[in-house]
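A short worksheet on the structure shown next.
The values are calculated or read from the model by the stated rules, or taken from the named source; none is laboratory data. Computed from a prediction, not measured in an experiment: that's the story for all the values here. Every residue, glycine as well, gets a Cβ built from its backbone with ideal geometry; the counts of neighbours run over all protein chains shown. All accessible areas refer to the heavy atoms of the entire protein, side chains included, with ligands and DNA or RNA removed. Shrake-Rupley method; radii C 1.70, N 1.55, O 1.52, S 1.80 Å.
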Amino acid sequence: MPERKVAVASSVGLHARPATLFVQAAAKQPVKVTIAKVGGDAVDARSVLFVLGLDVRSGEEVVLSAEGEGADAALDDLTALLSTDLDKV
């Protein structure tokens, strides 16, 4: 299962709007995607409550994982999204 470690550019777990944008993008992926704080438990990237519960601050790293055909492309898309300051979108 492919994984990516990503430095988050906005406070995904602290603000509803960045978390919601990320979850909407994850829900459009054709594969199962999870997100976790480094060293933490993976949660469903399609759940706003789970993503908000991660409490990820700007500059912290998360680990994205995906499984299924197209996993690498899905991780590319979500990595680009997390690397963007969503607070300013």
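Determine whether S11 is farther than 20 Å from K88 by Cβ and in contact with a Ser or Thr (Cβ under 8 Å, 6 or more places away or on another chain). Break it down stepwise before answering.
Numbers: farther than 20 Å from K88 by Cβ: no; in contact with a Ser or Thr (Cβ under 8 Å, 6 or more places away or on another chain): yes.
Against the criterion (farther than 20 Å from K88 by Cβ and in contact with a Ser or Thr (Cβ under 8 Å, 6 or more places away or on another chain)), S11 does not qualify.
Scan segment 8-23 for residues that are modelled with pLDDT under 85, open to solvent by 20 Å² or more (accessible area, probe 1.4 Å) and either under 17 Å from V43 (Cα atoms) or not in a loop (DSSP other than H, G, I, E, B) (or both) and report the count.
Selection size over segment 8-23: 3.
Being in a helix (DSSP H, G or I) and open to solvent by 70 Å² or more (accessible area, probe 1.4 Å) is the filter here; which residues of segment 32-89 pass it? Outline the logic, then answer.
Taking segment 32-89 as the starting set, the residues that turn out to be in a helix (DSSP H, G or I) are 48-53, 71-82, 86-88.
Across segment 32-89, the qualifying residues are L49, F50, D72, D76, D77, D87, K88.
Answer with yes or no whether G68 is on the phi > 0 side of the Ramachandran plot and in contact with a Lys or Arg (Cβ under 8 Å, 6 or more places away or on another chain). Outline the logic, then answer.
Numbers: on the phi > 0 side of the Ramachandran plot: yes; in contact with a Lys or Arg (Cβ under 8 Å, 6 or more places away or on another chain): yes.
Taking the combined requirement at face value, the residue satisfies it.
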